[in-house]
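In what follows, a single structure is set out as structure tokens and then discussed.
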Amino acid sequence: LSIEEFLKQLKNYDQQMQQRMEAAHKKDCVLRFVGTVDLKKGLSVGLREFKKGHAFAQLNGSENIVQFTTERYQDFPLIVRGPGAGAEVTAAGVFADLLRLSDLLRSSF
């Protein structure tokens with residue numbers, strides 16, 4: 001499936017996503033995309049429901065969160081939360097990369 005075809009087909013899932021959001025809301029939950037690393041079960045990525053009191057449900061805007069559940073942090077997982085890149089920081093990073101690339105190209109001639 002090409003990128004263009006994939007993007008065209010996204011609108012076909014709007015109703016399904018709306019239903020998932022409404023079902024989560026009825027259970028006092030929100031939906032979040034989450035990646036999980038489990039040393040025994042492997043990796044997984046997907047859309048999951050979280051109760052509104054859960055740390056993952058508390059995120060705003062471009063914030064990021066990582067939760068460590070280990071032998072030591074079993075009952076109360078260690079949570080690291082902070083700002084994500086956001087649009088301005090990402091744009092600044094891309095611009096800086098372009099400047100470095102132009103310097104490399106200039107010095108190679």
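The values are calculated or read from the model by the stated rules, or taken from the named source; none is laboratory data. What you see is a predicted model; the values in this text were computed from it and never measured. Side chains included, ligands, DNA and RNA excluded: accessible areas come from the protein's heavy atoms. Shrake-Rupley method; radii C 1.70, N 1.55, O 1.52, S 1.80 Å.
Rg and Dmax, both from the Cα atoms of region 53-109 and both in Å, are 18.9, 60.
Between the amide H of L59 and any residue lying 5 or more places away or on another chain, no distance stays under 5 Å, with hydrogens modeled in the peptide plane.
When the alpha carbon coordinates of the chain are projected onto the principal axes, the ranges are 61, 43, 29 Å, largest first. Straight-line reach from K52: taking Cα to Cα under 17 Å and skipping same-chain neighbours fewer than 8 places apart, the aspartates and glutamates in range are E22, D28, E63. Result for the chain in a Gaussian network model with C-alpha springs under 10 Å: among E88, E49, E22, the largest mean-square fluctuation is at E88. Here the contact order of the chain, divided by its residue count and restricted to Cα pairs under 8 Å and six or more residues apart, works out to 14 percent. With the whole protein complex present, I3 retains an accessible surface near 120 Å², based on a 1.4 Å probe. By definition, a body whose alpha carbon gyration tensor gives a ≥ b ≥ c is oblate when a/c is 1.5 or more and a/b is not larger than b/c, and region 2-52 fits this oblate description.
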